[in-house]
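Only one structure is covered here, and it is reproduced in the block below.
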Amino acid sequence: MFDPKDFSLEGKIALVTGASYGIGFGIASAFAKCGATIVFNDRNQEKLDQGLAAYRELGIEAHGYICDVTDEEAVQKMVGQVREEVGIIDILVNNAGIIKRIPMTEMTADEFRAVVDVDLNAPFIVSKAVIPGMIEKGHGKIINICSMMSELGRETVSAYAAAKGGLKMLTKNICSEYGAYNIQCNGIGPGYIATPQTAPLRERQPDGSRHPFDSFIVAKTPAERWGTPEDLQGPAVFLASDASNFVNGHILYVDGGILAYIGKQPQ
Ligand code: NAP
Ligand code: GCO
């Protein structure tokens, strides 16, 4: 029988990677409001301290760790430390991500690898570290932050699109491989969200007018606006909660309708 408490995250421990600010911070804050204990990481002390202060401002006592998610040894160490200091992780959000906007024929193989390392290899590394604890506990939720680029391409983002397309399939594979252990692995595919990652696409022109890409996104989105990290909070809570226990291997696009829309017709 339906119980609204199924949406609660009371008593759950959630690790959100790269969550000092941006989408990760928004998702972790919502989890905390629903009762979860928050664990997050960043690459350096300064950003970690900024994150801890931002959580405190919202009344959230988050646990912060310095860890580069591409470093398997460091990730294993962090997950072990979290287990000792906080407890076994129930919810993992693979949020940390980077983008390099470079035309493919000008991109070096090292630049391509660097993007794939953070956006695809790291979700594998962190999930691998966390899944054994979830099996031990008898349940687990993994949410991979995918992208419009899990479905679509565009100029300059070959590495990002390849990684986010791969992340969609890693999501389906974790579902396939660990669903029998009561682990649900789903993805969220955000539309264009106003965060530091997309700031260059929204920079004002010297004459004060909108960046052409900014206007393009507003025109391409039926909601006629950029998304915010807050737009992702409800969907993330749903996928982290018992309310979604039979939802597995799904990518939930939260995009104001971009993927449904062919775009404005020429006048
Ligand atoms: P953001 O503002 O650039 O934040 C990214 C976060 O990831 C930062 O905290 C960053 O930490 C962290 N990070 C990057 N590399 C890391 C590493 N190796 N180890 C640990 N942390 C690392 O990005 P965002 O817009 O919030 O995006 C969050 C996620 O959503 C990404 O996966 C992104 O691809 C995805 N996404 C974004 C959009 C969008 O429109 N904004 C849309 C779809 C999907 P530092 O401070 O140390 O750099
Ligand atoms: C870009 C953007 C996107 C978004 C997002 C869309 O340059 O096209 O950065 O890739 O960040 O992932 O869902």
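Within the range 67-80, does at least one residue satisfy the condition of being under 23 Å from I193 (Cα atoms), surrounded by 22 or more Cβ atoms within 10 Å (Cβ to Cβ) and at pLDDT 95 or above? Full working, then the answer.
Initially, the range 67-80 is screened for residues under 23 Å from I193 (Cα atoms), giving 69.
Narrowing further to those that are surrounded by 22 or more Cβ atoms within 10 Å (Cβ to Cβ): 69.
Applying the additional criterion that residues be at pLDDT 95 or above yields 69.
Looking through the range 67-80, at least one residue is under 23 Å from I193 (Cα atoms), surrounded by 22 or more Cβ atoms within 10 Å (Cβ to Cβ) and at pLDDT 95 or above.
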Kindly check whether there is at least one residue in the range 33-49 that is more than 10 Å from ligand 1 (Cβ to nearest atom) and under 16 Å from the mean Cα position of the chain (by Cα). yes
Read through the list (1) away from ligand 2 (no atom under 16 Å from the Cβ); (2) more than 23 Å from G133 (Cα to Cα), then give the number of the only condition that I174 fails. (2)
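Select, from I89, I98, I102, the only residue that is in contact with a helix residue (DSSP H, G or I) (Cβ under 8 Å, 6 or more places away or on another chain), open to solvent by less than 20 Å² (accessible area, probe 1.4 Å) and either among the aliphatic types (A, V, I, L, M) or touching a residue at least 40 places away in the same chain (Cβ under 8 Å) (or both).
Values: I98 fails: open to solvent by less than 20 Å² (accessible area, probe 1.4 Å); I102 fails: open to solvent by less than 20 Å² (accessible area, probe 1.4 Å).
Of the residues listed, the single one that is in contact with a helix residue (DSSP H, G or I) (Cβ under 8 Å, 6 or more places away or on another chain), open to solvent by less than 20 Å² (accessible area, probe 1.4 Å) and either among the aliphatic types (A, V, I, L, M) or touching a residue at least 40 places away in the same chain (Cβ under 8 Å) (or both) is I89.
Considering the range 121-133 alone, what residues qualify as being touching a helix residue (DSSP H, G or I) at 6+ places or on another chain (Cβ under 7 Å) and open to solvent by less than 40 Å² (accessible area, probe 1.4 Å)?
Residues of the range 121-133 touching a helix residue (DSSP H, G or I) at 6+ places or on another chain (Cβ under 7 Å): 123-127, 129-131, 133.
If the condition is that a residue be touching a helix residue (DSSP H, G or I) at 6+ places or on another chain (Cβ under 7 Å) and open to solvent by less than 40 Å² (accessible area, probe 1.4 Å), then P123, I125, V126, S127, A129, V130, I131, G133 are the ones that fit.
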Residues of the range 21-37 satisfying the condition of being over 16 Å from L232 (Cα atoms) and crowded, with 24+ Cβ neighbours inside 10 Å: A36
Looking at D214, D207, D255, which one is surrounded by 14 or more Cβ atoms within 10 Å (Cβ to Cβ), at pLDDT 95 or above and over 30 Å from G179 (Cβ atoms)? D214
Can you find a residue in the range 197-204 that is more than 22 Å from E151 (Cα to Cα), in contact (Cβ under 8 Å) with a residue 12 or more places away in the chain and outside any helix (DSSP H, G or I)? yes
Can you pull out the residues in the range 217-245 that are touching a residue at least 40 places away in the same chain (Cβ under 8 Å), open to solvent by 20 Å² or more (accessible area, probe 1.4 Å) and outside any helix (DSSP H, G or I)? T228, N245
Would you check if I142 is away from ligand 2 (no atom under 14 Å from the Cβ), in contact with a strand residue (DSSP E or B) (Cβ under 9 Å, 6 or more places away or on another chain), closer than 24 Å to A96 by Cβ and open to solvent by 50 Å² or more (accessible area, probe 1.4 Å)? no
Regarding the range 144-160, can at least one residue be identified that is over 22 Å from I217 (Cα atoms) and at pLDDT 95 or above? yes
Unmet requirement for Y181, which otherwise passes all of (1) of a type outside the set (D, E, K, R); (2) in contact with a His (Cβ under 7 Å, 6 or more places away or on another chain); (3) open to solvent by 10 Å² or more (accessible area, probe 1.4 Å): (2)
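Within the range 124-139, track down each residue that is small (G, A, S) and on the phi < 0 side of the Ramachandran plot.
So in the range 124-139, the residues small (G, A, S) come out as 127, 129, 133, 138.
S127, A129, G133, listed by residue number.
The values are calculated or read from the model by the stated rules, or taken from the named source; none is laboratory data. Predicted model only: the values in this text are computed from it and were never measured. All Cβ positions, glycine included, derive from the backbone under ideal geometry; neighbour counts span all protein chains shown. Each accessible area value is taken on the protein alone, full model and side chains, heavy atoms only, with ligands, DNA and RNA left out. Shrake-Rupley method; radii C 1.70, N 1.55, O 1.52, S 1.80 Å.
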